[in-house]
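A quick write-up on the structure given underneath.
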Amino acid sequence: MKIYFSPSFIQKPINFATYQEKGQEYLLFWMTAGEFLTFENPNCLLLVPNNSTLAQQIKELVDKDETYYHIFATPAENLRFKSNFYKVKNTTFHGLIIKDTNQVGKIVGNESKRARPEPSQITFKAIKWTKEKENKWGSFIGKLEIEPFSLGIENLPPITRLEFMFVTKENPSPGPGDPNVKNLTESELYKSNILPESAGKTFTMKVKKFYFNDSNTLHFSNSDNYVFGSLSEKKNQNGNQEKIPETLPKNDNSDESFASKPNQINHKETWEKPVNWKIILIVSGIIIGLSFLAFIIYVITTKKKK
């Protein structure tokens, strides 16, 4: 999996500040809300080895005020997470260290079109869905507990929960927002049973932005972070939805299908040689007729003797 980042919003007092670790000096850059991988509390800083080509490249973009148009990409395994590593003015930050700048690529954009990454696909198994109480506008938050899975970033704790925020149009908002971004209430997930009935099932979904409420919880609220229509139950090798069979499998002319299962009787031979009831009825009729004839002969013979 690739992780995308943009050194767009570099502000004081962090801009061009440095951090030392094991003899290596790093430049610190903001990873703010709205970017492709971000943390709500605390925020996260990107640590780029100083004196590297990448650090120089980012500095030049800052000087030209062109950081907004371009993004960078690197494998998740090339990042190392540092929890609460940096504090300035009573504010604490997480950090993501780039281990090898040679594994970082640049995606070029321009003034008319900002570079955008392809959505990432994640796979997870659901455990339990919990829906919080709706407010008076019908908005609510749902939390899906899942089996732990990792993005591949070193030292980043496994993700154990997905949080879905459904905000209705009637719910007051602080501003007009982006007209191109749709709330989850306009997605297929709203008023659907796919999440409430997800326990025990494995799913795939596509993510535009990884937004962490904390280091264990991914948050989704709109089309800017979740690809609408992408959540689906994982299919088996035959391309069908994995379902538990409701009845026993049909006889497939194979002894293994029944005889190999413990505590089950192999009825295959009986099913392959059905009883011919027509013959039985004819034979029974003949036997009954002969018996009746023998009875008549017996009665006549007895009368003659008298």
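Residue 74 falls short on exactly one of the conditions (1) on the phi > 0 side of the Ramachandran plot; (2) surrounded by 14 or more Cβ atoms within 10 Å (Cβ to Cβ); (3) polar (S, T, N, Q), and that condition is (1). Taking the criterion of being aromatic (Phe, Trp, Tyr), within 30 Å of residue 152 (Cβ to Cβ) and touching a Phe, Trp or Tyr at 6+ places or on another chain (Cβ under 9 Å), the residues of the range 170-228 that qualify are 203, 210, 211, 212, 220, 226.
The condition of being exposed (fewer than 12 other Cβ atoms within 10 Å of the Cβ), under 32 Å from the mean Cα position of the chain (by Cα) and not basic (Lys, Arg) holds for residue 118.
Has the range 127-138 got at least one residue that is touching a Leu at 6+ places or on another chain (Cβ under 9 Å), over 30 Å from residue 51 (Cα atoms) and of a type in the set (A, V, I, L, M, F, W, C)? Even if it seems obvious, please write down each step before you answer.
First, pick out the residues of the range 127-138 that are touching a Leu at 6+ places or on another chain (Cβ under 9 Å): 127-131.
Then drop every residue that is not over 30 Å from residue 51 (Cα atoms), which leaves 127-131.
Next cut, of a type in the set (A, V, I, L, M, F, W, C) only: 127, 129.
Scanning the range 127-138, I find at least one residue that is touching a Leu at 6+ places or on another chain (Cβ under 9 Å), over 30 Å from residue 51 (Cα atoms) and of a type in the set (A, V, I, L, M, F, W, C), so the answer is yes.
For the criterion of being touching a Leu at 6+ places or on another chain (Cβ under 8 Å), of a type in the set (Val, Ile, Thr) and in a loop (DSSP other than H, G, I, E, B), residue 146 fails.
Looking across the range 204-225, the residues that are out of contact with any strand residue (DSSP E or B) (no Cβ under 6 Å at 6 or more places or on another chain) and not in a strand (DSSP E or B) come down to 208, 209, 215, 223, 224.
Collect the residues in the range 182-203 that are among the acidic types (Asp, Glu) and either assigned to a helix (DSSP H, G or I) or in contact with a helix residue (DSSP H, G or I) (Cβ under 8 Å, 6 or more places away or on another chain) (or both), keeping them in residue-number order. Passing the criteria: only 186. Looking only at residues of the range 166-206 that are surrounded by 16 or more Cβ atoms within 10 Å (Cβ to Cβ) and of a type in the set (A, V, I, L, M), we find that the one that is nearest to residue 136 (Cα to Cα) is 167.
Filter the range 185-231 for residues that are of a type in the set (Lys, Arg) and touching a residue at least 24 places away in the same chain (Cβ under 8 Å) and give the result.
Step one: list which residues in the range 185-231 are of a type in the set (Lys, Arg), which gives 191, 201, 206, 208-209.
Scanning the range 185-231 gives 201, 206, 208, 209.
Scanning the range 124-157 for residues that are among the polar types (S, T, N, Q) and over 24 Å from residue 100 (Cβ atoms) yields 130, 135, 139. Every residue in the range 186-203 that is within 11 Å of residue 229 (Cα to Cα) and within 14 Å of the chain's Cα centre (by Cα), please. Residue satisfying the conditions is 189 alone.
FYI, it's all coordinate maths here, none of it is from the lab. Note that the structure is a prediction, hence the values are computed from the model and not measured. A quick note on method: Cβ atoms are made from the backbone with ideal geometry, for glycine too, and the neighbour counts reach across all protein chains shown.
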